[in-house]
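Values quoted throughout were computed directly from the atomic coordinates according to the rules given, and no laboratory measurement underlies them. Since we're looking at a predicted model, the values are computed, not measured. FYI the Cβ positions are ideal-geometry reconstructions off the backbone, even for glycines, and counts take in every protein chain you see.
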Amino acid sequence: PVSQYGGGPLFHDGTHLIDLLLYFGGPINWVSGYETRPKGKRYIEETACAMVGFQNNATGFIEGGGARKYFNFELDIQGSEGRLLIGNAGRELYVTQKSKRFKGFQELEKIPFPEPKHYETPFIGGAKEMIKSIRKPGNSTGEDALKTLETIYTIYKSAQQKGKRLRIK
């Protein structure tokens, strides 16, 4: 429980989030981290967050924890022509449209999220992907997992140095 161990959300849930960031955003160049450890430095963090700089010059922000009394896991990708919001509460898609309120402006308009041609539960899909990856290298590799852990380690290291921007090795 958070009250006993202090959380550790970046290492617990952040691995999945950073996997997704790497998948959608590509390689990460640098991070600038922040953490709170209300029980002291020898305890796991309650909250950890970071600014993330990608090789393609995009910038992201991640946060894990916050001692909330609810669970929310989501990825909010905002690009030049739209926004994708996906997480445990569902999925939403927005595209730029001519503003109905302001002349000469564009705004985001929610559109129906495209339905997959074939749907299977994440557990079955995950098991199939794991078997496929054993037989032939797939989209996610051990190197990808290592890059995720290096990113988390660098966020912790940056947070301990008051948010100093650190490069990912």
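Just one of (1) in contact with a strand residue (DSSP E or B) (Cβ under 9 Å, 6 or more places away or on another chain); (2) free of Cβ contacts under 8 Å to residues at least 24 places away in the same chain trips up Tyr70, so point out which.
Only one criterion in (1) in contact with a strand residue (DSSP E or B) (Cβ under 9 Å, 6 or more places away or on another chain); (2) free of Cβ contacts under 8 Å to residues at least 24 places away in the same chain is unmet by Tyr70, namely (1).
Out of Tyr34, Tyr94, report the one residue that is more than 16 Å from Leu149 (Cα to Cα) and in contact (Cβ under 8 Å) with a residue 24 or more places away in the chain. Break it down stepwise before answering.
Values: Tyr94 fails: in contact (Cβ under 8 Å) with a residue 24 or more places away in the chain.
Going through Tyr34, Tyr94 in turn, just one is more than 16 Å from Leu149 (Cα to Cα) and in contact (Cβ under 8 Å) with a residue 24 or more places away in the chain: Tyr34.
Give the residue that is surrounded by the most Cβ atoms within 10 Å (Cβ to Cβ), with candidates limited to residues of the range 154-168 that are under 16 Å from Phe61 (Cα atoms) and of a type outside the set (Val, Ile, Thr).
Of the range 154-168, the ones under 16 Å from Phe61 (Cα atoms) are 154-156, 158-159, 163-168.
Next, only the ones that are of a type outside the set (Val, Ile, Thr) stay: 156, 158-159, 163-167.
Numbers: Tyr156: 18, Ser158: 21, Ala159: 23, Gly163: 16, Lys164: 13, Arg165: 13, Leu166: 18, Arg167: 10.
The qualifying residue surrounded by the most Cβ atoms within 10 Å (Cβ to Cβ) is Ala159.
With the requirement that a residue be touching a residue at least 40 places away in the same chain (Cβ under 8 Å) and surrounded by 15 or more Cβ atoms within 10 Å (Cβ to Cβ), what does the range 73-91 give you? Show your work before the answer.
From the range 73-91, those touching a residue at least 40 places away in the same chain (Cβ under 8 Å) are 73, 75, 77; that's our starting set.
Within the range 73-91, Leu75, Ile77 meet the criteria.
Just name the residue that is nearest to Thr151 (Cα to Cα) out of those in the range 37-72 that are under 14 Å from the mean Cα position of the chain (by Cα), surrounded by 12 or more Cβ atoms within 10 Å (Cβ to Cβ) and not small (Gly, Ala, Ser).
Only one residue tops the list, namely Val52.
For Ser80, all conditions in the list (1) of a type outside the set (D, E, K, R); (2) in a strand (DSSP E or B); (3) more than 17 Å from the chain's Cα centre (by Cα) hold save one; what is the number of the exception?
Condition (2) is where Ser80 drops out.
So, in the range 111-131, exactly how many residues are under 20 Å from Arg91 (Cβ atoms) and surrounded by 12 or more Cβ atoms within 10 Å (Cβ to Cβ)? Break it down stepwise before answering.
Step one: filter the range 111-131 for residues under 20 Å from Arg91 (Cβ atoms), giving 111-126, 129.
Okay, now just the ones that are also surrounded by 12 or more Cβ atoms within 10 Å (Cβ to Cβ), so 111, 113, 125, 129.
Matching residues across the range 111-131 total 4.
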